[in-house]
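For reference, the structure discussed in these notes is given below.
Every number in this text was worked out from the coordinates using simple rules, so none of it is lab data. Because the structure is a prediction, the values reported are computed rather than measured. Here the Cβ positions follow ideal geometry from the backbone for every residue, glycine too, while neighbour counts run over all protein chains shown.
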Amino acid sequence: MLELRGLTKKYGYFRAVDGVSFKVRPGEAVGYLGPNGAGKSTTIKMIAGLLEPTDGEIIYNGRNVWKNLVWFKERVGYVPEEPAIYSHLSAYDYLLLVGRLRKQNESVLKKKIRGFMEIFDLSGDMYSEIASFSKGMVQKVLISAALLHDPEVLLLDEPLSGLDVTTALVVRELVRKLSEEGKIVIYSSHILEIVEKVASRVIILFQGKVQADDSVENLRELMKVPSLEDIFNQLVKHEDPRALASELISLMKEKP
């Protein structure tokens, strides 16, 4: 089980994440939602061991993650929102590097890499420099890197960014199957219709604090609204999108 206890990240007096607590059990795919600046990516980076919390704890299977970082990182896969990748390497060499750092068996690793590249339609490009790749191609490499070592915990931060429709559907099905196998999946996104289809539970974050934590079905019933988008809008959006769009059009047409 993965547990966050009062997780907080401060930058000066600003609290990007403010006392976030929740548990994720094996077999759960949790949608982690919120508007831009809510603290989603900051939370994910702290769980991944890339950003040290100001306060609070992250516990995995009874062990403090930040006191056992190497042990935990062997068990976690992470797809970042902003790609951090050695773009001068080829996709094959990058994945080979990642797999070797994960201490994967060499022959199995090479078989995995070729398999991932074929599934993601990158076989013809896997020896090309990543610098020449489109955003979607880079995303496919990052997803492959996160899956190479068969992680127990998978952290996905806007994983569909730049992906074509077919690959997005594959990733959506992948999340379902991994949770069915008992993996812990945290799926951070603002694409609500995708989260609604893959997540067994949603956590909604606003201004660094948890506003809701429940199944989509229970939240619909409690709030008497038909969709996750309506729930999200009621909890975190305070401006009328139509009114704001009208204001933008008025500004566009402003004349001297």
- Query: Hey, what number do you get for the chain at 222 nm if only DSSP H runs of n ≥ 4 count, each worth -39500 (n - 2.57), divided across all residues, to the nearest 500?
  - Reply: -12000 deg cm²/dmol
- Tell me which residues come under 5 Å, amide H to amide H, from Arg201 once H is placed; ignore anything under 5 positions away on its chain. Ala29, Gly31
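Counting only other residues whose beta carbon sits under 10 Å from that of Ile186, what net charge do I get with K and R as +1, D and E as -1? Please list the in-between numbers first.
Values: positive: Lys40; negative: Glu28, Asp157.
That sum, taken over residues with Cβ under 10 Å, equals -1.
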- Message: Sequence gap at least 6, Cα distance under 8 Å: using those rules, report the relative contact order of the range 82-150 to the nearest whole percent.
- Response: 50 percent
- Note on the structure: With N residues in the chain, Rg(alpha-carbon) / (2.2 N^0.38 Å) equals 1.09
- Message: Just to verify a number: FRET efficiency for Met1 and Lys110, C-beta to C-beta distance, R0 = 35 Å, to 0.05?
- Response: 0.55
- Sorting Arg5, Arg201 on the 10 Å Cβ count, fewest up front, what's the list? Arg5, Arg201
- Using the number of other C-beta atoms within 10 angstrom as an exposure proxy, rank Glu81, Glu180 with the fewest first. Glu180, Glu81
- Which net charge results when you count Lys and Arg as +1 and Asp and Glu as -1 among the other residues whose beta-carbon is under 13 Å from that of Asp55? +1
- Message: Once R0 is set to 35 Å, what does the formula 1/(1 + (r/R0)^6) return for the Cβ-Cβ distance between Asn218 and Asp55, expressed as a FRET efficiency to the nearest 0.05?
- Response: 0.75
